[in-house]
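Heads up, the thing below is written out as structure tokens.
Every number in this text was worked out from the coordinates using simple rules, so none of it is lab data. Only a predicted model underlies this, so the values are computations on that prediction, with no experimental measurement involved. Quick reminder, even Gly has a Cβ in these numbers, built from the backbone with ideal geometry, and neighbours come from all protein chains shown.
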Amino acid sequence: MNHDHYSDKYIRSILESVKTIAIVGASANTSRPSFFVTQYMISKNYEVFPINPGQAGNKIAGAECYASLKNISQPIHMVDVFRNSDAAFGVVEEALELEPLPKVIWMQLQVRNDEAAKLAEDRGVQVVMNRCPKIEYARLCGEIGWAGVATGVISSKKTKLQDGYQRYDIAKK
């Protein structure tokens with residue numbers, strides 16, 4: 001896999017297929033990007049499990065926080081790594097101990113560890129590096145365009161309005 005470029009189809013297929021997301025490195029600080037991502041993904045109807053040993057037992061963005069991936073009692077489809085590139089390898093190793101394996105390892109913006117990616121891909125797990133699922137979701141469904149950001153996505157299809165205000169769904173329905 002070429003980790004320098006991901007097709008919209010690849011990113012969309014991941015975001016449409018996963019239902020549970022563990023965010024390793026989630027923060028309870030409401031001004032941190034990991035908090036925004038946790039809150040946003042919850043708002044898009046993903047079941048999110050924040051992982052932060054210092055916050056275990058507390059709630060982050062309304063979701064119960066866990067000390068580690070192994071403390072979650074249900075299958076995790078995607079592990080979102082909000083740690084630095086060096087720490088990503090250990091997170092991937094821990095994720096690959098889960099049963100069943102996650103479908104996706106997603107490393108946040110500025111997080112890239114090719115060795116960790118190879119380890120995951122050798123086990124059949126999809127990998128995304130140096131991307132943010134919140135940004136990608138918003139880009140693919142058109143929300144990010146509200147802020148005047150050029151998305152690179154051109155479509156004649158009307159986006160699907162969800163419940164609430166100004167919420168669009170990534171699904172092509």
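Model label sites at Ser43 and Asn58, defined 7 Å from Cα along the beta-carbon direction, differ in position by 2.2 nm. Only Lys, Arg, Asp and Glu carry charge here, each on its Cβ (+1 for the first two, -1 for the last two); on that basis the stretch 8-140 has a dipole of about 500 debye about its Cα centre. Modelled spin labels at Thr30 and Glu99, positioned 7 Å past Cα toward Cβ, are 4.2 nm from each other.
Under 5 Å between amide hydrogens, which residues at least 5 positions from Ile23 or on another chain qualify, with H placed 1.01 Å from N in the peptide plane? For Ile23, the qualifying residues are Phe49, Ile51, Asp80. If R0 is taken as 25 Å, the Cβ-Cβ distance between Ser17 and Glu121 corresponds to a FRET efficiency of 0.90. Protection proxy ranking of 53-60, 128-135, by the mean of other Cβ atoms within 10 Å over each peptide's residues and highest first, is 128-135, 53-60. When both bridge partners sit in the stretch 8-140, DSSP labels roughly 10% of those beta bridges antiparallel. Annotation for Ser68 and Gln110: the two label points, set 7 Å from Cα along the Cα-Cβ direction, are 2.8 nm apart. When you restrict to C-alpha pairs under 8 Å that are six or more residues apart and normalise by the size of the stretch 8-140, the relative contact order lands at 22 percent.
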